[in-house]
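*Asks:* Mind having a look at this structure? Questions to follow.
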Number of protein chains: 2
Amino acid sequence: MPIEFNPIGRIHSPFSGLQGMPIQPTGALGVRGTVELYGEYREGLKDLEGFSHIILLYHFHLSRGFSLIVVPFLDSVERGVFATRAPKRPNPIGLSIVRLERIEAAVLHICNVDILDGTPLLDIKPYVPDFDAQEAVRAGWLEKAGRSVSNRKSDDRFK
Amino acid sequence: MPIEFNPIGRIHSPFSGLQGMPIQPTGALGVRGTVELYGEYREGLKDLEGFSHIILLYHFHLSRGFSLIVVPFLDSVERGVFATRAPKRPNPIGLSIVRLERIEAAVLHICNVDILDGTPLLDIKPYVPDFDAQEAVRAGWLEKAGRSVSNRKSDDRFK
């Protein structure tokens, strides 16, 4: 039985198409955008402004179908989709950690945005280093590739 | 129009009820569990074993309805739900970063599990410090409370 979720807002960014979009917030340092939370959810933003970083969960709404094996943007080798952050996943949920600059009414001004303009928002969570920052980590094939993210851009391979 | 997701597996843990369950993986250090990925998705696990930590996204399947204002487990003060990790969210999606110990066929052996037994799995992503570990972070009301997580347990307030 499918689980149904409803968008709680939209994410706005300078990226209207996949071509040339940064990959991951680390490739989008300084890129500004907004999260427009639908008014009915506004009360849930209480206390969020104390957090410098937030986790956005969103729907990869342009992704059609999925592939279990993908060639990710950061590589030229086929990888299992769960070992990548590629959008063509069985459940196309995206995750980005962005900097929260300020909140005005139900609009969140954010920085380091690697998300397509118009993306449906599913959830906002506070980023908490005690929960979310891990030490002594092995990052598999992304150990080296992850660091080259700042000069790599998206293309339309996952459309 | 709702977005439909289908579980891709189940998470197994020692926690059969909410009462007494740890809050966050940092409160569940050493607690072992498994992720049973449905066989049809197994190919997507290729290369995942190179990662010491993975991000699990799952459905808070016991959560009924949502509250925009909650009193989180770690506090006695009302907070906006998006400034907490409480399960009673508009879209009840849970996020935990756990240690991946090994993979046997379609079963992932994991450690630091703060998840209820039988929880439907939505996605697995590799944890990549270059993407996911942030520095110079302000963690709002969780700045201090986050550190007390190891001796705080869940109760049934979010059922």
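*Asks:* Take B:I23 and decide whether it is surrounded by 16 or more Cβ atoms within 10 Å (Cβ to Cβ), within 25 Å of A:A136 (Cα to Cα) and more than 7 Å from chain A (Cβ to nearest Cβ).
*Replies:* For B:I23, the condition - surrounded by 16 or more Cβ atoms within 10 Å (Cβ to Cβ), within 25 Å of A:A136 (Cα to Cα) and more than 7 Å from chain A (Cβ to nearest Cβ) - is met.
*Asks:* Right, here's the next one. Is it the case, given these coordinates, that B:A136 is surrounded by fewer than 17 Cβ atoms within 10 Å (Cβ to Cβ) and facing chain A (nearest Cβ under 8 Å)?
*Replies:* Yes, satisfied.
*Asks:* Moving on to the next point. Would you check if B:R89 is within 7 Å of another protein chain (Cβ to nearest Cβ) and either at positive phi or touching a helix residue (DSSP H, G or I) at 6+ places or on another chain (Cβ under 6 Å) (or both)?
*Replies:* yes
*Asks:* Kindly provide the set of residues from segment B:27-53 that are β-branched (V, I, T) and surrounded by 22 or more Cβ atoms within 10 Å (Cβ to Cβ), ordered by number.
*Replies:* Correct list: B:V35 only.
*Asks:* Go through segment A:32-53 residue by residue and tally those that are part of a strand (DSSP E or B) and closer than 14 Å to A:V107 by Cα.
*Replies:* Total satisfying the criteria: 6.
*Asks:* Continuing with this model, one more query. Considering only segment B:80-103, state which residues are free of Cβ contacts under 8 Å to residues at least 60 places away in the same chain and hydrophobic (A, V, I, L, M, F, W, C).
*Replies:* B:V81, B:F82, B:A83, B:I93, B:L95, B:L100, B:I103
*Asks:* Between a residue in segment B:24-51 that is on the phi > 0 side of the Ramachandran plot and any residue that is outside any loop (DSSP other than H, G, I, E, B) and among the β-branched types (V, I, T), which pairs come within a Cβ distance under 6 Å, given they are 6 or more apart or on different chains?
*Replies:* Pairs that qualify, where the first residue is on the phi > 0 side of the Ramachandran plot and the partner is outside any loop (DSSP other than H, G, I, E, B) and among the β-branched types (V, I, T), are B:Q24/B:V149.
*Asks:* Let me ask you something else. With the checklist (1) of a type in the set (A, V, I, L, M); (2) more than 7 Å from every other protein chain (Cβ to nearest Cβ); (3) farther than 29 Å from A:G27 by Cβ in hand, flag the one item B:V81 doesn't pass.
*Replies:* (2)
*Asks:* Please specify each residue of segment A:76-104 satisfying the condition of being surrounded by 17 or more Cβ atoms within 10 Å (Cβ to Cβ), not β-branched (V, I, T) and not in a strand (DSSP E or B).
*Replies:* A:F82, A:A83, A:R85, A:A86, A:P87, A:K88, A:R89, A:P90, A:N91, A:P92, listed by residue number.
*Asks:* Return the residues of segment A:48-96 that are among the acidic types (D, E) and closer than 30 Å to B:R138 by Cα; say none if nothing qualifies.
*Replies:* A:E49
*Asks:* Return yes when B:L29 is within 30 Å of A:A145 (Cα to Cα), in a loop (DSSP other than H, G, I, E, B) and not aromatic (F, W, Y) and no when it is not.
*Replies:* yes
*Asks:* Next question, about the same structure. What's the total number of residues in segment B:1-20 that are in a strand (DSSP E or B), facing chain A (nearest Cβ under 7 Å) and of a type outside the set (D, E)?
*Replies:* Result for segment B:1-20: 2.
*Asks:* Would you mind telling me which numbered condition in (1) facing chain B (nearest Cβ under 7 Å); (2) out of contact with any helix residue (DSSP H, G or I) (no Cβ under 9 Å at 6 or more places or on another chain) A:D47 fails?
*Replies:* With (1) facing chain B (nearest Cβ under 7 Å); (2) out of contact with any helix residue (DSSP H, G or I) (no Cβ under 9 Å at 6 or more places or on another chain) applied to A:D47, the lone miss is (2).
Only the coordinates and a few stated rules stand behind these numbers; no lab work does. Because the structure is a prediction, the values reported are computed rather than measured. Positions of Cβ are backbone-derived with ideal geometry, glycine not excepted, and every protein chain shown enters the neighbour counts.
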